[in-house]
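A.B. asks: Structure in structure tokens, see below.
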Amino acid sequence: MSHDPQLLGNKTEELVIEAREAQRRRGHGRVQRIGDHIRREWQLYLMLIPTIIWLIVFLYKPMYGLQIAFKDYSVFRGIDASPWVGLEHFEVLFGNDQFIRALRNTVIISLMSLVFGFPVPIILALMFNEVLHQTFKKTAQTIVYLPHFISSVIIAGIVITAFSPSAGIVNTILEWFGIDPIYFLTKPEWFRPIFVGTGIWQEAGFQSIVYLAAIAGVSPTLYESAVVDGASRWQMMWKITIPLIMPTIIIMLIIRIGNMLEVSFEMIILLYQPATYETADVVNTFIYRQGLQGGQYDLAAAAGLFNAVVAFVLVMAANTISKRYSRTSLW
């Protein structure tokens, strides 16, 4: 059976035209639906405008200044007039022993916070879920939430006072056991445990709210069925509660991994001193000293850009791994 090539060509061209027309109609219909939705819900979009303006002004517009990391920046010449130096600042950065030390400390402190701090809010949420006495439960929740709402300056003051060698409660207890007072905050080996412990005490209670909300979403009928089958509270926690809140745990873990290099800058500034730089200096404090105190804005910008790129890579990697093995991801 023979076919006319010209006829086949015309037919193919007609099919392509029809496909393009159908695609155009779908696009037009989508735009029309979006327009109708905006007209119908215009009050919500009006309320969204301040947030969009905030994002543009404070998050996107400052990205223009990232080019400082690639220039020999001068405050007097400005960003545009400063000469381009390429990757010179990054070469200086990775040849700087203080930056390498700060990067190492950041990773170590972040890993310690992740290993010891991440499970605590989950454990707290599970414990609160098992408390049946409502008055005791609300009182305990209020107590553990409270440190989150206290200023970092006050928290640092409490820590400094608690570990004071003369009147601190920690050294007072040590003296009861015949141990000489220790000035913990001047000992490099003690800074990381104190900092990580302070962070857990300050934030764990408030972070447990996310997991309590996830637990509240678990259907009560599952627990009722487990009770009928003779399951204990411990078995219900391991077989029902934890598996059902696991997607929330994974999402929070991905976010936590993405913020690994964002160690609490304010608390470290308030607690560290030159004697503890060896273990306390992190990337953010390095940027603070080089940029604001030393006036090397271009070098500080390079360090900040490196920080952001690493955080982006960590989030993407964690999200990809989670999506592949658990089918739970941020996007």
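A.B. asks: Within the stretch 223-258, work out how many residues are β-branched (Val, Ile, Thr) and more than 29 Å from SER113 (Cα to Cα).
C.D. replies: 2
A.B. asks: Moving on. Does ILE160 count as assigned by TED's automatic domain parsing to the domain that holds TRP234 and in contact (Cβ under 8 Å) with a residue 40 or more places away in the chain?
C.D. replies: yes
A.B. asks: Of the residues LEU314, LEU305, which is within 13 Å of ALA69 (Cα to Cα) and under 20 Å from the mean Cα position of the chain (by Cα)?
C.D. replies: LEU305
A.B. asks: For VAL315, indicate whether it is closer than 18 Å to ASN105 by Cβ and part of a helix (DSSP H, G or I).
C.D. replies: On the way: closer than 18 Å to ASN105 by Cβ: no; part of a helix (DSSP H, G or I): yes.
So VAL315 fails the test.
A.B. asks: Quick test for you: out of ASP229, ASP281, pick the one residue that is buried (at least 20 other Cβ atoms within 10 Å of the Cβ) and of a type in the set (D, E, K, R).
C.D. replies: The match here is ASP281.
A.B. asks: Pick out the one residue from ILE251, ILE255, ILE240, ILE245 that is buried (at least 19 other Cβ atoms within 10 Å of the Cβ) and assigned by TED's automatic domain parsing to the domain that holds VAL210.
C.D. replies: Working: ILE251 fails: buried (at least 19 other Cβ atoms within 10 Å of the Cβ); ILE255 fails: buried (at least 19 other Cβ atoms within 10 Å of the Cβ); ILE240 fails: buried (at least 19 other Cβ atoms within 10 Å of the Cβ).
The match here is ILE245.
A.B. asks: Kindly indicate which of PHE118, PHE94, PHE90 is closer than 19 Å to ASN259 by Cα and of a type outside the set (A, V, I, L, M).
C.D. replies: Working: PHE94 fails: closer than 19 Å to ASN259 by Cα; PHE90 fails: closer than 19 Å to ASN259 by Cα.
It is PHE118.
A.B. asks: Name the residue, out of PHE136, PHE177, that is among the aromatic types (Phe, Trp, Tyr) and at pLDDT 90 or above.
C.D. replies: Answer to the selection: PHE136.
A.B. asks: Something else about it: Just a yes or no: is a residue in the stretch 320-328 modelled with pLDDT of 85 or more, crowded, with 18+ Cβ neighbours inside 10 Å and not charged (D, E, K, R)?
C.D. replies: The answer is no, given that none of the residues of the stretch 320-328 is modelled with pLDDT of 85 or more, crowded, with 18+ Cβ neighbours inside 10 Å and not charged (D, E, K, R).
A.B. asks: Hey, VAL282 hits all of (1) farther than 30 Å from THR186 by Cα; (2) within 20 Å of the chain's Cα centre (by Cα) but one; which does it fall short on?
C.D. replies: Failed condition: (1).
A.B. asks: Within the stretch 250-266, can one find any residue that is closer than 29 Å to ALA162 by Cβ, assigned to a helix (DSSP H, G or I) and over 16 Å from the mean Cα position of the chain (by Cα)?
C.D. replies: Within the stretch 250-266 (the criterion being closer than 29 Å to ALA162 by Cβ, assigned to a helix (DSSP H, G or I) and over 16 Å from the mean Cα position of the chain (by Cα)), the answer is no, since none of the residues qualifies.
A.B. asks: Restricting to the stretch 200-220, what's the tally of residues that are in contact with a Ser or Thr (Cβ under 7 Å, 6 or more places away or on another chain), of a type in the set (Val, Ile, Thr) and either within 14 Å of ILE123 (Cβ to Cβ) or touching a residue at least 40 places away in the same chain (Cβ under 8 Å) (or both)? Please lay out each step first, then the result.
C.D. replies: As a first pass, look at the stretch 200-220 and keep what is in contact with a Ser or Thr (Cβ under 7 Å, 6 or more places away or on another chain): 210-211, 214-215, 218.
From what is left, the residues that are of a type in the set (Val, Ile, Thr) are 210, 215, 218.
From what's left, either within 14 Å of ILE123 (Cβ to Cβ) or touching a residue at least 40 places away in the same chain (Cβ under 8 Å) (or both): 210, 215.
Qualifying residue count for the region: 2.
A.B. asks: Would you say MET246 is touching a residue at least 60 places away in the same chain (Cβ under 8 Å), part of a helix (DSSP H, G or I) and either within 15 Å of ASN129 (Cα to Cα) or in contact with a His (Cβ under 8 Å, 6 or more places away or on another chain) (or both)?
C.D. replies: Values: touching a residue at least 60 places away in the same chain (Cβ under 8 Å): yes; part of a helix (DSSP H, G or I): yes; either within 15 Å of ASN129 (Cα to Cα) or in contact with a His (Cβ under 8 Å, 6 or more places away or on another chain) (or both): no.
It is false that MET246 is touching a residue at least 60 places away in the same chain (Cβ under 8 Å), part of a helix (DSSP H, G or I) and either within 15 Å of ASN129 (Cα to Cα) or in contact with a His (Cβ under 8 Å, 6 or more places away or on another chain) (or both).
A.B. asks: Out of the stretch 229-243, which residues are farther than 20 Å from TYR325 by Cα and touching a residue at least 40 places away in the same chain (Cβ under 8 Å)?
C.D. replies: ARG233, MET237, THR241
A.B. asks: Name the single residue that is nearest to the chain's Cα centre (by Cα) among those in the stretch 226-249 being among the β-branched types (Val, Ile, Thr) and over 28 Å from ALA317 (Cα atoms).
C.D. replies: Taking the candidates together, the pick is ILE240.
A.B. asks: Restricting attention to the stretch 188-225, and to residues there that are loosely packed, with under 14 Cβ neighbours inside 10 Å and in a loop (DSSP other than H, G, I, E, B), which single residue is nearest to the chain's Cα centre (by Cα)?
C.D. replies: Only one residue tops the list, namely GLY217.
The values are calculated or read from the model by the stated rules, or taken from the named source; none is laboratory data. Bear in mind the structure is a predicted one, so any value in this text is a computation, not a measurement. Cβ sites come from the backbone with ideal geometry, for glycine too, and all protein chains shown count toward neighbours.
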